[in-house]
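These notes concern the structure reproduced below.
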Amino acid sequence: MPVSASSRGKGKTRSRSISAAGRSEHEREALWSHSPESREQPPLAVHQPSATEIKAILKKKRPARREFHTNVSSATMSKRV
Amino acid sequence: VRSKDRNRLRFVEFSSENDPLVRLPDTRQVRYLRRYLTDLGSSVVLIEPRYFDRDYLAEFSAYHSRSARAYSNVCQRVHFFALDRDVDASAAQALLEGACDGHTEPYELLQSAYRGFCIVRPIAQASLGRTVVAWYPDDETRPPRVTASREYVCHVAGLPFAIDRGLAWQQQDEAVSACATVALWTMLQSSAFGPHHWIPTTAEITQMAHRGGAAGVRLFPSAGFRVREICDVISQCRLAPIVIEGDRDDGFTRARFAKTCATLIRSGYPVLLSGHLEHSSQSGHLICATGFRAAALPQLEPGTAMLFDESIAYVYVHDDNLGPNVRFEILDDDGVSAVRLKPSAPTRRPRYPADLKDPVGEYESFVPTELITAVHEDMRANPLKLNEVATSTAEILAEASHLGIAATTRFMPLAEYLGSEIAGTVDPHQKTLAKLRRALTEADQAMSLHLGVARLASGRARLLDVLYDTTGTASQLAVFVSVAYREDISRVCGSLAESGYPEFASIVAAHGRAPRVR
């Protein structure tokens, strides 16, 4: 066959998603990657906290629940686009 | 014989005088699409002279059929192929003949060169109907572009041609639709909603938006929708609307805008951006974000954490004023102003035909003021809440472990997490994967159909997946279980749990030793 598909664009390097809906390229994102290399666990210096340290962290981090609102104003709901 | 010629499936050279796009009125959308297809390397165009398009037939039935202009109900469908430059239209025609005759090789050549299709409607003021084109080449290998796309398959003379990732776009036909109709229509095409969801036509969307009462206003021509009418259409499609307002008086901060868009798009949910053009604050506009360029992994100081999606620089948008997959840069003047989106084409471009003026150069920036999306009905969680609890958990783990921790979030079906996701992240040897799957499936609490997932990492080392229940109220996001990828992190989580921190109370180990549920 004298002709060949162009390697521009889609080409052979792109692989089809294996996700349920074929819907996202997140598999290539650093933290969502599915490559074998991404399974390797590099050495990390993980500190094991003492009970006193943990108490101090929790005391600092949980003084009050952050306010969270999902209410949408009626002005927004009436906005025309 | 003449009639037979007129109906013939035929190839023509791309951008030649016979190319149907070249013959259309010179609009910004036509210029954008021609440039886009040039970028995809399109070399020849296959014309299907007669095509009955579902969306156009609905528009025709709702409006055009009663026009004195005697519009036709038949469209053209044109397909774009990027074959080598030495394959002209007649060689492509020979390939098609061979493929139609059942030969595999010419068919596979055409399929591998296939870049998409466009319906050309017989209405001069808005000729570009349903258009599905491939994403243009992702030049940057890292970080990648992330899109809420799906597969489209169309058939020409019984031959299937597929676009593996795309999302349909069309030009606004003012008779039956507004920008909101087209953006909604694009969003509802997303495959995140699965094969069991009905995708309405643009005419049906307009009718659905006013089902509650058009208050004496004529439906067609359409004058646009209110936000509550958009939510109503989403609900009628058996999906759940989420509306997120800006956190500034004039719109969004970069952090809220970028993190929310990234979480939703990564989850397969396109996001409607409601707002206005920068210098026209009185007239609203609605566009659909279909992708974003992922942010680079940050190097963080020990003991600190961040949700690094707030650093994304670009979103990709279907804008009925421009075209599909338009790249917009996220600008906020270092936090001084609200987020605005400026069209920003990638720099590396081939030479365009001389008659093609830049379609986006003078286009105004867009200022988003609300985000609207449609999620599965059973999913009651809000992306703002997911990001808030993920940040909080990452901060605590960072402080306890003295690591710099980057967090990222998404929603996903439980089956996908237990299936392809952990198969891609956990070493399948030594039965770790099998034990993890059983531990998660047999845990005390059965998990919901959709999960909120927060992934915590230090550099490239995965530390922890926190799996959240998405069926509670929007402001409550309970943890089902957390999956620890390292033994040292399991131990830190265990210490935190013993001190009364519930987010770390149920840890499943996904590392070498046998997984156990505490």
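Quick check on my filter: what residues within the range B:403-422 are of a type in the set (Ser, Thr, Tyr) and either open to solvent by less than 10 Å² (accessible area, probe 1.4 Å) or within 12 Å of B:Thr470 (Cβ to Cβ) (or both)? Spell out how you get there, then give the answer.
Of the residues in the range B:403-422, the ones of a type in the set (Ser, Thr, Tyr) are B:408-409, B:417, B:420.
Answer for the range B:403-422, where residues must be of a type in the set (Ser, Thr, Tyr) and either open to solvent by less than 10 Å² (accessible area, probe 1.4 Å) or within 12 Å of B:Thr470 (Cβ to Cβ) (or both): B:Thr408, B:Thr409, B:Tyr417.
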Among (1) open to solvent by 10 Å² or more (accessible area, probe 1.4 Å); (2) of a type in the set (Asp, Glu); (3) in contact (Cβ under 8 Å) with a residue 60 or more places away in the chain; (4) within 12 Å of chain A (Cβ to nearest Cβ), which single condition is B:Glu388 missing? (3)
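Within the range B:67-94, which residues are within 11 Å of chain A (Cβ to nearest Cβ) and either open to solvent by 10 Å² or more (accessible area, probe 1.4 Å) or of a type in the set (Val, Ile, Thr) (or both)? Break it down stepwise before answering.
Our first condition is that a residue be within 11 Å of chain A (Cβ to nearest Cβ); within the range B:67-94, this holds for B:80-88, B:91-92, B:94.
Matches in the range B:67-94: B:Asp84, B:Arg85, B:Asp86, B:Val87, B:Asp88, B:Ala91, B:Ala94.
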Filtered residues of the range B:104-161 (kept if more than 20 Å from B:Val45 (Cα to Cα), free of Cβ contacts under 8 Å to residues at least 24 places away in the same chain and part of a helix (DSSP H, G or I)): B:Thr104
What do you reckon, is B:Tyr56 of a type outside the set (A, V, I, L, M), in a loop (DSSP other than H, G, I, E, B) and closer than 18 Å to B:Gln171 by Cα? no
Can you run down the residue pairs with Cβ atoms below 7 Å, 6 or more apart or on separate chains, where the first is in the range B:368-382 and facing chain A (nearest Cβ under 9 Å) and the partner is open to solvent by less than 30 Å² (accessible area, probe 1.4 Å) and assigned to a loop (DSSP other than H, G, I, E, B)? B:Thr369/B:Gly246; B:Glu370/B:Gly246; B:Asn382/B:Ala474
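Does the range B:258-273 contain at least one residue that is basic (Lys, Arg) and in contact with a helix residue (DSSP H, G or I) (Cβ under 8 Å, 6 or more places away or on another chain)? Quick ask: steps written out before the conclusion?
Quick first cut of the range B:258-273, residues basic (Lys, Arg) only: B:259, B:266.
Subset that is in contact with a helix residue (DSSP H, G or I) (Cβ under 8 Å, 6 or more places away or on another chain): B:259, B:266.
The answer is yes; a qualifying residue exists.
Scanning the range B:297-318 for residues that are part of a helix (DSSP H, G or I) and open to solvent by 30 Å² or more (accessible area, probe 1.4 Å), which turns out farthest from the other protein chains (Cβ to nearest Cβ)?
Our first condition is that a residue be part of a helix (DSSP H, G or I); within the range B:297-318, this holds for B:308-311.
Among the residues that remain, those that are also open to solvent by 30 Å² or more (accessible area, probe 1.4 Å) are: B:310-311.
Details: B:Glu310: 15, B:Ser311: 13 Å.
By that ranking, first place goes to B:Glu310.
So in the range B:189-198, with the set limited to residues that are closer than 22 Å to B:Arg266 by Cβ and assigned to a loop (DSSP other than H, G, I, E, B), which one is nearest to the chain's Cα centre (by Cα)?
Narrowing the range B:189-198 to residues closer than 22 Å to B:Arg266 by Cβ: B:189-195, B:197.
If we keep only those that are assigned to a loop (DSSP other than H, G, I, E, B) too, we end up with B:189-190, B:194-195, B:197.
Numbers: B:Gln189: 9, B:Ser190: 7, B:Gly194: 14, B:Pro195: 16, B:His197: 17 Å.
For the range B:189-198, the residue satisfying everything is B:Ser190.
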What number of residues within the range B:420-447 are in contact with a Ser or Thr (Cβ under 7 Å, 6 or more places away or on another chain) and either aliphatic (A, V, I, L, M) or at pLDDT 95 or above (or both)? 1
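Is there a residue in the range B:366-384 that is in a helix (DSSP H, G or I), open to solvent by less than 10 Å² (accessible area, probe 1.4 Å) and under 24 Å from B:Glu310 (Cβ atoms)? Please lay out each step first, then the result.
Here is the first cut: in the range B:366-384, the residues in a helix (DSSP H, G or I) are B:383-384.
Add one more test, that the residue is open to solvent by less than 10 Å² (accessible area, probe 1.4 Å), and what stays is B:383.
With under 24 Å from B:Glu310 (Cβ atoms) added as a condition, the list becomes B:383.
Within the range B:366-384, one or more residues are in a helix (DSSP H, G or I), open to solvent by less than 10 Å² (accessible area, probe 1.4 Å) and under 24 Å from B:Glu310 (Cβ atoms).
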Given the conditions (1) away from every other protein chain (no Cβ under 12 Å); (2) among the hydroxyl-bearing types (Ser, Thr, Tyr); (3) open to solvent by less than 10 Å² (accessible area, probe 1.4 Å), and given that B:Tyr363 satisfies all but one, which numbered condition is not satisfied? (3)
Looking at the range B:166-188 only, could you name the residues that are within 11 Å of chain A (Cβ to nearest Cβ) and either surrounded by fewer than 24 Cβ atoms within 10 Å (Cβ to Cβ) or assigned to a loop (DSSP other than H, G, I, E, B) (or both)? B:Leu167, B:Ala178, B:Cys179
Every residue in the range B:1-15 that is open to solvent by 60 Å² or more (accessible area, probe 1.4 Å) and either part of a loop (DSSP other than H, G, I, E, B) or in contact with a Phe, Trp or Tyr (Cβ under 6 Å, 6 or more places away or on another chain) (or both), please. B:Val1, B:Arg8
Subset of the range B:16-33 [open to solvent by 10 Å² or more (accessible area, probe 1.4 Å) and within 18 Å of B:Ala113 (Cβ to Cβ)]: B:Ser16
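The values are calculated or read from the model by the stated rules, or taken from the named source; none is laboratory data. Remember, predicted model here, so these are calculated numbers, not experimental data. Every residue, glycine among them, receives a Cβ derived from its backbone with ideal geometry; neighbour counts consider all protein chains shown. In case anyone asks, the SASA skips ligands and DNA or RNA and just uses the protein heavy atoms, side chains included. Shrake-Rupley method; radii C 1.70, N 1.55, O 1.52, S 1.80 Å.
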